[in-house]
Amino acid sequence: MKLNIYDHKEVIKTYEANEYELMFGTVEDMIDAAKLDKIESGTDAEIVMAATNLVTTSMDTVKDLLKDVFDGLTDDEIRHTRVSEIVNVIVDVIRYAISQISLFGGGKRGKN
């Protein structure tokens, strides 16, 4: 995953993270915030819609999640990135979460 920081149209810094290095808590927060239990089939359209809804309704959660994913990322740097790139990162994390749920849980997440 990659997130560029811009000064106008020029990339001045790039953060990169491997989805396999995500902390469980980050993925868990993403699952809860994006309401992944409402995703029916896991299509690209559903995932993009969940990510877009998350970005537009829970910006504080998104900021916290981005800072968990990209070590050292600041609030000011988040203000200087493109929304489309933020959505792409969220989509990647959601896809990863769904793949892990499918791998280990065999389906939708349940409450214990």
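The values are calculated or read from the model by the stated rules, or taken from the named source; none is laboratory data. Here the structure is a predicted model, which is why all the values come from computation and not from measurement. Here the Cβ is made from the backbone with ideal geometry for all residues, glycine too, and neighbour counts use every protein chain on show. Surface accessibility is based on the protein's heavy atoms, side chains included, excluding ligands, DNA and RNA. Shrake-Rupley method; radii C 1.70, N 1.55, O 1.52, S 1.80 Å.
Considering segment 6-18 alone, what residues qualify as being within 15 Å of residue 69 (Cα to Cα) and either among the β-branched types (Val, Ile, Thr) or in a helix (DSSP H, G or I) (or both)?
Result: 14, single match.
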* To do: Considering every residue within segment 94-104, establish whether at least one is under 14 Å from the mean Cα position of the chain (by Cα), open to solvent by 60 Å² or more (accessible area, probe 1.4 Å) and either at pLDDT below 85 or within 12 Å of residue 27 (Cβ to Cβ) (or both).
  => yes
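I'm trying to understand the selection: among the residues of segment 19-46, which are open to solvent by 90 Å² or more (accessible area, probe 1.4 Å) and either assigned to a helix (DSSP H, G or I) or at positive phi (or both)? Steps first, please.
Pass one, segment 19-46, residues open to solvent by 90 Å² or more (accessible area, probe 1.4 Å): 20-21, 23-24, 35, 37-38, 40, 44.
Result: 20, 21, 24, 35, 37, 38, 44.
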